[in-house]
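One structure is given here, and the rest of the page talks about it.
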Amino acid sequence: MTRRKAQQIVISGIGGQGVLFVTRLLAEAAIAKELPVFTSETHGMAQRGGTVVSHLKIGQFSSPLIRPAEADGLLVLKAENMAQHVGFLKDGGWAVVNETTSADADDRYPTMRIDADALARKIRNPKAVNLILLGFALAPGHGQTDEHGLLFCTYEDVLAALQKVTAGRRQLRKASLTALETGYRR
Amino acid sequence: MSPKSKRVLMMGNEAIAHGLLENGCSVATSYPGTPASEILASVAAVRKKHSLPMHCQWAVNEKVAFEIAYAAAISGLRAAVSMKQVGLNVASDPLMSAAYMGTPGGFVVISADDPGPHSSQTEQDSRMMAVMAKIPVLDPDSPRQAKEMVTRAYTLSETFRVPVMLRPTTRVCHSRQDIVPGSIPTKTAVPDFQKDPTRWAATPKFRFQLHWELENKLAEIAEYKPTEPLRHNPEAPGNRCVIASGVAAAHTAEVLKSLDLWDRFPFYQVLQPFPLHTGFIAHLLQTYTEILVIEETTGIIETQLADRDRVKGKLNRTVPRVGELLPERIETLLAQFAGVDKKKRSLPAAAGRRPTLCAGCPHRASFFAIKKAARRGIFTSDIGCYTLGLNLKAVDTVLCMGASISQAAGFYHAYKGEEKLPNIVATIGDSTFFHAGIPALIDAVNQNVRFVLVILDNSTTAMTGSQPTPATGKGACGEDLVRVPIEDLVKGCGVQRCEVYDPYRLPEFTAALKDALAYCRDKGPAVVIARHPCVIDLARMGALTREVEVQVEDSCDGCGFCLQQFECPALVMDPQSEQVEIDPLVCTGCGVCLKVCPNDAIVAKEPDAGK
């Protein structure tokens, strides 16, 4: 299976949702695949419930930031952020959005929707929204060709990254695996 | 080249920490502040992992941190101090003198800037402080380069016996990149302080000589090969060039390539913005008719190019003077410079969601009580999570670290001749009180200022990632230290009335504030310590206990009082029913909101309800 060697992804949410953790997992997956990786993250006051956005660039880049209309994909943990960050998408870009309705939809781009909040409640883990959405983004059948999933890496790549990042923290690992799988198998 | 499998994902701040330790840094100090906090945290983590015999610590403030590290450098050891840009304001006093005195051991001053600003009071450019102090400054474009520059900074510092500034910005500090870590020496150097009172305790006469010495050093540093600017595209012809430094250079490189301008304009990256290399200045002025300078956030490189007609930058307003130089802004600049057609691209200027205190945050309870106890009061506050008391209208002023107390005093002195003296309540966090609150409190006692100081003690430095305070008795590596209790300090400052309450007990806490306000009007300053641990820390330790299951009854008339006055993220208005409901994903079950609803519609669930 061949996959992309370069990809620019914006991950958008609010402080406390675990945007940074998703970014970290994908970046670790890139390292394991021996791909160059560059991220940029929001830290500080915004982490207290404010708008948080991460940039993830896989491939040869010198700048850590993605310009508007350059991103291949958008992972949106909070649907209300769509209006603010959809401008990052290039023509033909895609969005994976945590939302129950299509109220915030932008029909210029293929948009995959999942109610990650409801699934998080179902598995009784309020902190799981981020990984449910990531698992869902990694699932097959989002209207792409067989060779290419949405992302530069596979579900298995992210599982391996998760094992690495949660080394020595058994409870976190177990909860994270459940969350990722819940999104993937939805 | 190193094998790819050795690469690890490193945040810029981690990369800087690795750079320090790989270069044998023996003493590293800091005070936390975004975007610099993870530098010392990473030094501590690596020190612990490898049991390194070096000293690393959080200091009580940046000035103290600077002086500790500088003394180690004077002893001939390699040392470093890290802080955010406004922290350097606090440490500017020792910085100016240390520049004159110099250093035998390598001394790196890391001051992280925050163009934007994302999490700071100002967009100030630390390189300007380097110019003022007359020390060289290096400006990294990425985590990888920041790590390499630590090595260069130590060599430069030791070659010229001068403190060297490393100035990363937010986009370097908080980027992650694949980096190959180097080996870390496990032996440290032996201290060897050479007494020299004409230097280390110089009187003005000797300071004059030291100033001469420093100027001579700077002239030589302006010709120092290892920090010379890089010419990235030697093939590009033409008499118009582009100069950039820091992360702006990284954006510029990418944009030049994507606009197909890489082969059209000579592009230079400045590594050492001050002092700018004399040969480079001469080369530019001999070679180019037009020079575009892109740097954050002040025109430091630009002002060293002594030809105003040929230089385009911040001074002639080609380059924006305010805000971050995002790659899309640089794209527009370069397209204009090259005369190519490129549609201006930017995201909508949506405000986004504003930050708010966490669900269950004890500060929320404190602010609610303060508003109730001191209606129409003047509320001075300070730097930390609790600045977000702004949203609750319980914060009127935020100036800088420690100013809540001195501003409260200032308001008192301004109003004391008036017939009606307003209630004045200052709020300050525990770490900020240690940092800069103590001298102000002594002054307030001395001047008998009639105000109440509420020390919001959540037993941590929360906003910057839960660093310990002197009251916790824990060090940067988790080691045991000597505790310095806040109550003892307050009493030691001369305050006669100091009480400790848990703000979760809202009625009791509100009554205590009212008593303190009445007391201060007669007798002088009163202090109330609002003590409850940070919910983030509790959650991390698995110690967050739900006091109650909260629900909203049908008697909620949707008045919105709780949303505006209490603003807990777990309380949300349901647009359909026009009633408030509890978000169970967010609620911590602290139960403080039970005392907030004017209609008593927020209630505790009966234990067996729902079974």
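Give the range B:182-199 a look and list any residue that's closer than 11 Å to B:Ser75 by Cβ and surrounded by 10 or more Cβ atoms within 10 Å (Cβ to Cβ), or say none.
Correct list: B:Ala189, B:Pro191, B:Asp192, B:Phe193, B:Gln194.
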Result of the Cβ filter at 6 Å on the range A:81-94, keeping first residues that are within 14 Å of A:Asp107 (Cβ to Cβ) and partners that are crowded, with 20+ Cβ neighbours inside 10 Å and modelled with pLDDT under 90, at least 6 apart or interchain, is none
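Every residue, every condition in (1) modelled with pLDDT under 95; (2) crowded, with 23+ Cβ neighbours inside 10 Å; (3) on the phi > 0 side of the Ramachandran plot; (4) within 14 Å of chain B (Cβ to nearest Cβ), yes or no:
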{"residue": "A:Gln84", "(1), (2), (3), (4)": "yes, no, no, yes"}
{"residue": "A:Phe88", "(1), (2), (3), (4)": "no, yes, no, yes"}
{"residue": "A:Gly92", "(1), (2), (3), (4)": "yes, no, yes, no"}
{"residue": "A:Arg108", "(1), (2), (3), (4)": "yes, no, no, no"}
{"residue": "A:Thr111", "(1), (2), (3), (4)": "yes, no, no, no"}
{"residue": "A:Ile123", "(1), (2), (3), (4)": "yes, no, no, yes"}
{"residue": "A:Pro126", "(1), (2), (3), (4)": "yes, no, no, yes"}
{"residue": "A:Leu134", "(1), (2), (3), (4)": "no, yes, no, no"}
{"residue": "A:Ala137", "(1), (2), (3), (4)": "no, yes, no, no"}
Residue set B:Glu62, B:Glu22; condition surrounded by fewer than 20 Cβ atoms within 10 Å (Cβ to Cβ) and modelled with pLDDT of 95 or more; output residue B:Glu22
Problem set entry | Test: residue in the range B:204-211 that is away from every other protein chain (no Cβ under 14 Å) and outside any helix (DSSP H, G or I) | no
Checking the structure you have, find out if any residue of the range B:265-276 is closer than 28 Å to A:Glu70 by Cα, touching a residue at least 60 places away in the same chain (Cβ under 8 Å) and more than 14 Å from chain A (Cβ to nearest Cβ).
yes
Quick check: anything in the range B:80-97 surrounded by fewer than 24 Cβ atoms within 10 Å (Cβ to Cβ), more than 22 Å from B:Leu276 (Cα to Cα), within 14 Å of chain A (Cβ to nearest Cβ) and within 13 Å of the chain's Cα centre (by Cα)? yes
Subset of the range A:39-50, residues under 13 Å from B:Gly116 (Cβ atoms) and touching a helix residue (DSSP H, G or I) at 6+ places or on another chain (Cβ under 7 Å), comes to A:Ser40
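A quick yes/no check of all residues on (1) surrounded by 15 or more Cβ atoms within 10 Å (Cβ to Cβ); (2) within 14 Å of another protein chain (Cβ to nearest Cβ); (3) of a type in the set (Gly, Ala, Ser):
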{"site": "B:Leu453", "(1), (2), (3)": "yes, no, no"}
{"site": "B:Gln467", "(1), (2), (3)": "yes, yes, no"}
{"site": "B:Pro485", "(1), (2), (3)": "no, no, no"}
{"site": "B:Gly492", "(1), (2), (3)": "no, no, yes"}
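Quick one: would you say B:Glu228 is at pLDDT 95 or above, more than 29 Å from A:Leu26 (Cβ to Cβ) and surrounded by fewer than 12 Cβ atoms within 10 Å (Cβ to Cβ)?
Working: at pLDDT 95 or above: yes; more than 29 Å from A:Leu26 (Cβ to Cβ): yes; surrounded by fewer than 12 Cβ atoms within 10 Å (Cβ to Cβ): no.
Criteria not met by B:Glu228.
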B:Val172 vs (1) free of Cβ contacts under 8 Å to residues at least 24 places away in the same chain; (2) within 14 Å of chain A (Cβ to nearest Cβ): all pass except (1)
Checked against (1) within 14 Å of another protein chain (Cβ to nearest Cβ); (2) outside any strand (DSSP E or B), B:Leu538 satisfies every condition except (1)
Exception for B:Ser42 within (1) over 20 Å from B:Thr188 (Cβ atoms); (2) within 14 Å of chain A (Cβ to nearest Cβ); (3) out of contact with any Lys or Arg (no Cβ under 8 Å at 6 or more places or on another chain) falls at (1)
Of B:Thr252, B:Thr188, the only residue that is within 14 Å of chain A (Cβ to nearest Cβ) and either assigned to a helix (DSSP H, G or I) or more than 24 Å from B:Ala36 (Cα to Cα) (or both) is B:Thr252
Here the residues within the range A:18-31 that are more than 9 Å from chain B (Cβ to nearest Cβ) and either crowded, with 23+ Cβ neighbours inside 10 Å or small (Gly, Ala, Ser) (or both) are A:Gly18, A:Val19, A:Val22, A:Leu25, A:Leu26, A:Ala29
Reported set for the range A:43-69 where residues are under 18 Å from the mean Cα position of the chain (by Cα) and more than 7 Å from chain B (Cβ to nearest Cβ) is A:Gln47, A:Val52, A:Val53, A:Ser54, A:His55, A:Leu56, A:Lys57, A:Ile58, A:Gly59, A:Ile66
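The values are calculated or read from the model by the stated rules, or taken from the named source; none is laboratory data. Because the structure is a prediction, the values reported are computed rather than measured. Note: ideal-geometry Cβ built from the backbone for every residue, glycine included; neighbour counts use all protein chains shown.
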